[in-house]
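> If you scroll down you'll find the structure; I have some questions about it.
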Amino acid sequence: MTARRAQIAVIGAFDDLRARQLRFLEEAAKLGEVTAWLWTDDTVTARTGKPPKFPLAERSYFLNAVRFISHVEIVDPRTAPDALPAIGNNPPQIWVDEESAANQAREDHCRRHGLKYQLIPPRQFDGFPVPAFQPAVSARKKVVVTGCYDWFHSGHVRFFEEVSAYGELYVIVGHDANIRALKGEGHPLVRQDERRYAVASIRYVTQALITSGEGWLDADPEIQRLKPDIYAVNEDGDKGGKREYCAERGIEYLVLKRIPAPGLPKRTSTDLRGF
């Protein structure tokens with residue numbers, strides 16, 4: 001019989017998730033099954049003195065898509081941010097924090113309630129390892145998407161969610177030099193290893209790779225190796241000779257409308273970056 005995994009609690013705003021925060025969640029998940037306790041907008045404002053960049057519904061949607069998270073719960077604004085609310089039949093055994101965020105109030109709360117308070121040291125966040133390949137579990141079609149994914153946001157997550165309905169999803173992330181050549185100086189904001197890591201943290205993604213070619217079709221070497229059935233783009237990405245490229249190689253070309261998840265605002269990396 002499989003031993004029951006430890007129940008892990010993490011808590012916070014989880015606002016504008018970046019690769020380093022995702023690394024923290026990955027390290028927490030190595031300890032057991034992670035429940036993320038997510039602050040409401042009011043709690044974030046009270047805690048930090050300013051409203052979150054992204055509203056609760058959007059933060060929850062993104063967090064639920066992270067493969068390291070098993071459950072997401074909302075922390076009621078009346079609950080102190082340094083205490084876990086009363087939990088029913090599946091209470092945590094360990095509350096995990098970054099070492100830099102060590103908090104005496106949380107440690108005291110854990111002591112009172114018989115929980116372990118565990119800190120993850122900075123050395124565990126060094127670098128962004130190549131994400132593990134998530135092997136296909138069926139004979140589904142193989143789908144590739146390509147892009148920069150510089151400011152990773154809920155719109156990207158929604159695109160991955162939609163595309164993954166067509167088959168096993170392979171995301172090929174543009175390498176730094178090519179992104180700079182296509183978009184100019186100042187691009188990308190985030191290095192290729194971080195961008196790949198963020199993409200691979202999403203549960204809809206089977207594997208994330210970095211391109212090794214050049215131009216709008218810089219993913220050609222990776223596509224030739226993967227031999228996908230489908231190449232998917234959104235409406236903004238329907239350019240650069242991709243349609244003709246697929247026609248020449250017998251790859252189905254799929255263009256999806258850019259529609260955010262229900263109830264969420266439309267997001268673009270350009271708007272978030274400001275240029």
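> Give me the percent relative contact order of the chain, please, defined on Cα pairs under 8 angstrom at least 6 residues apart.
Once normalised by length, the contact order is 17 percent.
> Using a Förster distance of 51 angstrom, determine the FRET efficiency expected from the C-beta separation of GLU185 and ARG112, and round it to 0.05.
For GLU185 and ARG112, the calculated efficiency is 0.40.
> By DSSP, what percent of the beta bridges with both residues in the chain are antiparallel, rounded to the nearest 5?
Among the beta bridges of the chain, antiparallel pairing accounts for roughly 5 percent.
> Nearest 500 deg cm²/dmol is fine: what mean residue ellipticity at 222 nm does the chain get from its DSSP H runs of n ≥ 4 alone, each adding -39,500 (n - 2.57), divided by its residue count?
Computed ellipticity for the chain at 222 nm equals -8500 deg cm²/dmol.
> Measuring from label point to label point, each 7 Å out along Cα→Cβ, what is the ALA57 to ALA247 span in nm?
In this crude spin-label approximation the distance works out to 4.0 nm.
> Placing +1 at every Lys and Arg Cβ and -1 at every Asp and Glu Cβ, with all other atoms neutral, what dipole size does the chain have around its Cα centre, in debye to the nearest 20?
Roughly 360 debye for the chain.
> Check which residues have an amide H placed less than 5 Å from LYS116's amide H, if you skip close sequence neighbours.
It is ILE94, TRP95, by chain and number.
> Taking loop as defined by DSSP and a crowding limit of 14 other beta carbons within 10 Å, which trypsin sites (Lys or Arg not before Pro) in segment 1-76 fit?
ARG4, ARG5, ARG18, LYS30, LYS53
> To the nearest 0.05, how large is the calculated FRET efficiency for GLU214 and THR45 if R₀ is 45 Å and r is the Cβ-Cβ distance?
After rounding, the FRET efficiency stands at 0.50.
> Can you figure out the FRET efficiency of ARG18 with ARG258, using R₀ = 25 Å and their beta-carbon distance, to the nearest 0.05?
0.65
> Want the number for SER100 to LYS30: 0.36 nm per residue separation, take away the alpha-carbon distance, what's left?
23.3 nm
> Given a cut-off of 28 Å, what percent of all Cα-Cα pairs of the chain lie beyond it?
Counting pairs separated by more than 28 Å, the tail of P(r) holds 40 percent.
> Same structure, new question: For a test of the definition: using alpha carbon positions, the gyration tensor, and the 1.5 limit on a/c, classify segment 7-125 as rounded, prolate or oblate.
Here segment 7-125 falls in the rounded category.
> For THR268 and ASN64 in one chain, what is 0.36 nm times their gap in residues minus the Cα-Cα distance, to one decimal in nm?
Gain on extension, THR268 to ASN64, equals 71.4 nm.
> Quickly rank 252-261, 219-228 as a protection proxy: mean count of other C-beta atoms within 10 Å, highest first.
In decreasing order of mean packing, 252-261, 219-228 become 219-228, 252-261.
> Using 24 Å as the Cα-Cα cut-off, could you pick out the over-long pairs in LYS142/LYS266; LYS30/LYS142; LYS50/LYS266; LYS239/LYS266; LYS50/LYS183; LYS53/LYS239?
The answer is LYS142/LYS266; LYS30/LYS142; LYS50/LYS183; LYS53/LYS239.
Only the coordinates and a few stated rules stand behind these numbers; no lab work does. Note that the structure is a prediction, hence the values are computed from the model and not measured. Cβ coordinates were reconstructed from backbone atoms using ideal geometry, including for glycine residues, and neighbour counts include every protein chain displayed.
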